[in-house]
Structures are given as C-alpha cells and as structure tokens.
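This report refers to the structure that appears directly beneath it.
The values are calculated or read from the model by the stated rules, or taken from the named source; none is laboratory data. In this text the structure is predicted, and so the values were computed from the model without any measurement. Counting neighbours? That spans all protein chains shown, and the Cβs are built from the backbone with ideal geometry, glycine included. Ligands, DNA and RNA are excluded from the accessible area calculation, which covers all protein heavy atoms including side chains. Shrake-Rupley method; radii C 1.70, N 1.55, O 1.52, S 1.80 Å.
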Amino acid sequence: MSQLQRIAIAPSQLQQGQILLTKEQQHYLGRVLRLREGDRFIAMDGQGKWWLAQLIGEQAQVLEALLVETELPIAITLMVALPKGNGFDEVVRCCTELGVTCIAPVLSDRTLLHPSPQKLERWRRIAAEAAEQSERSFVPTILEPVAFNTAITANQTSHRYICEARGEFPHLKHCLQHKGQMTNDKEQETIVIAIGPEGGWTIQEIENAESAGFQPVSLGRRILRAVTAPVVALSLISAACEV
Ligand code: SAM
C-alpha cells in the first residue's frame, strides 16, 4: 500500500464514493505519474482521512478508507520569527516532516523579512507537499504572520516555551520529561514553542513572553541558526512524546 502514489484532494471533491478530480489532478495522475484506467492510488484530504482509490475514466472511485497512524499524540504549535531569505521554506518543510500541527510566523523586533502575501501561499504549498511526502494524515496549518506580542497573548495553552540561545535556562528536554505519559490522556495536549530571529529576541520580548506564561528554555550550549533551532526543538518534542 505504501508504494502507491498519493495525491492531496479537497474534502469537497469526494462525493458519493467518487473523487471528482480537477484537470490538474487528471494531468498529474495520467501524464506525470502515468497511471492508467483501473490503476490504484491514495487520496488524502489533509484533515486526517486517506482513501484507496481507483482511476475510472477521468474520475476516481473510492475503494476503501485507510487507517493512517503517523501523527504525534500531542499538538505542537511552532511560533517562529521569520528568518531572512528563503529560510522559512526549509523550516516549514522540515517541521512538517517532524510532525508540527500549526506554524505561526511572527514578526519580532529584529525580524528582517516582511513577507509578501504570495509567501503564505508558497508556505502552505510546501507544507502540503511535505505532509504528502512524509505520509502524514494532516497538513499543518500555516497562520498569517502577526506581531510577536499579539501571538503570545492569543495563545493560552498550558505548555508554552520560548527558546533563548543565551543564559542559564533549563534544557527543553528536561521540561518535556513528563510528556511521554500524555499519550494515555483522552484530550490531546498542545505545546507551543517559540523560536527567535537571526538577531535573537530582545530582552523586552523575553519579558513579555514570560508575563504571558512562556517558560524560557535552552536547546543546548551551542548557538543554533534560526533555521536549525526549530528542527532541534521539534525533534526533542517528538522524541519525548512518541511511544
Ligand atoms: N544572535 C543571537 C545571539 O547571538 O544570541 C542568536 C540567535 S539564534 C541564531 C536564533 C534563535 O534560535 C534564537 O532566538 C533562539 O530562539 C533559537 N536558538 C538558537 N540556539 C539556541 C539554543 N542553544 N538554545 C535555545 N534557543 C536557541
């Protein structure tokens, strides 16, 4: 089953056991993947559902729903101050592979990049591709960029961390030690983790985050690039939470 090609569809494309393929999807399945009449593929709606489907003419027939268990037992929101250049593309791609639930780009005092509206579309496309490639059943949500101070007050989750490259703060891995048991809980817990820009957070931003309930944490003794730090944080969280 895992060898079958996968395509992302919108939930509205599924109607009475048929998948109404768009022209682009027909082209992709027929011309790019070279699937023929009767060939099977996997359709995923990006919201947790996968189906085994069969190409019939220009449409597809659903054969069965598939059970996919590739998601982490907790929800992770990654708050990232936008790095310069195309660095955020890599953050979106890698963190989607690692299991992030939501990515919230933030504009901090030292953020250099102020993205165009097209960037958001691009990041959402990258997230969809990475989710497909890593066989996730959910495509992470990419929020519109907002000011850091707005983002920290909007989110009231109990487990909130802000990564600070310098200073004597507890290592994130020690803060996550109890998370391994969370899988038995009925309600899914959420972790929010904030990563700063190339120039780091300002003292005021750290203070504001602490007042909003964020705990400052370290990712180790080396200074990581703004693009590396989210990957390290996500790796530590998934290692602590996945059984
Ligand atoms: N220019 C800053 C400095 O010299 O202190 C470093 C900023 S670092 C390139 C970008 C962001 O990655 C930081 O704001 C922090 O959120 C995160 N980061 C990098 N290394 C880290 C570490 N060892 N522990 C915690 N966070 C780290």
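Numbers for the structure displayed
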item	result
Failed item in (1) away from the ligand (no atom under 16 Å from the Cβ); (2) open to solvent by 60 Å² or more (accessible area, probe 1.4 Å); (3) not in a strand (DSSP E or B), with Leu63 passing the rest	(3)
Members of region 41-56 that are closer than 25 Å to Thr101 by Cα and touching an Asp or Glu at 6+ places or on another chain (Cβ under 6 Å)	Leu52
Given (1) more than 8 Å from the ligand (Cβ to nearest atom); (2) under 16 Å from Leu172 (Cβ atoms); (3) buried (at least 18 other Cβ atoms within 10 Å of the Cβ), number of the condition Ser235 does not satisfy	(3)
Region 37-58, residues that are farther than 14 Å from Leu4 by Cβ and more than 30 Å from the chain's Cα centre (by Cα)	Glu37, Ile56, Gly57, Glu58
Which numbered condition Ile142 fails, given (1) open to solvent by 20 Å² or more (accessible area, probe 1.4 Å); (2) modelled with pLDDT of 95 or more	(1)
Hits in region 51-82 - residues which are of a type outside the set (A, V, I, L, M, F, W, C) and out of contact with any helix residue (DSSP H, G or I) (no Cβ under 9 Å at 6 or more places or on another chain)	Gln54, Gly57, Gln61, Glu64, Glu69, Thr70, Glu71, Thr77
Members of region 130-157 found to be over 30 Å from Thr202 (Cβ atoms) and under 11 Å from the mean Cα position of the chain (by Cα), listed by number	Ala130, Ala131, Arg136, Phe138, Val139
Near pairs, Cβ below 6 angstrom, 6+ apart or cross-chain, from region 65-83 (among the aromatic types (Phe, Trp, Tyr)) to any residue that is open to solvent by 10 Å² or more (accessible area, probe 1.4 Å)	none
Lone qualifier among Ser116, Ser137 - being open to solvent by 50 Å² or more (accessible area, probe 1.4 Å) and at pLDDT below 90	Ser116
Region 3-56 - residue that is polar (S, T, N, Q) and open to solvent by 70 Å² or more (accessible area, probe 1.4 Å) and, of those, modelled with the lowest pLDDT	Gln3
Residues (part of a loop (DSSP other than H, G, I, E, B) and either open to solvent by 20 Å² or more (accessible area, probe 1.4 Å) or more than 6 Å from the ligand (Cβ to nearest atom) (or both)) located in region 221-231	Arg221, Arg222, Ile223, Leu224, Arg225, Val227
Residues located in region 209-224, provided they are closer than 19 Å to Val106 by Cα and either free of Cβ contacts under 8 Å to residues at least 24 places away in the same chain or among the aliphatic types (A, V, I, L, M) (or both)	Ala209, Ser211, Ala212, Val217, Leu224
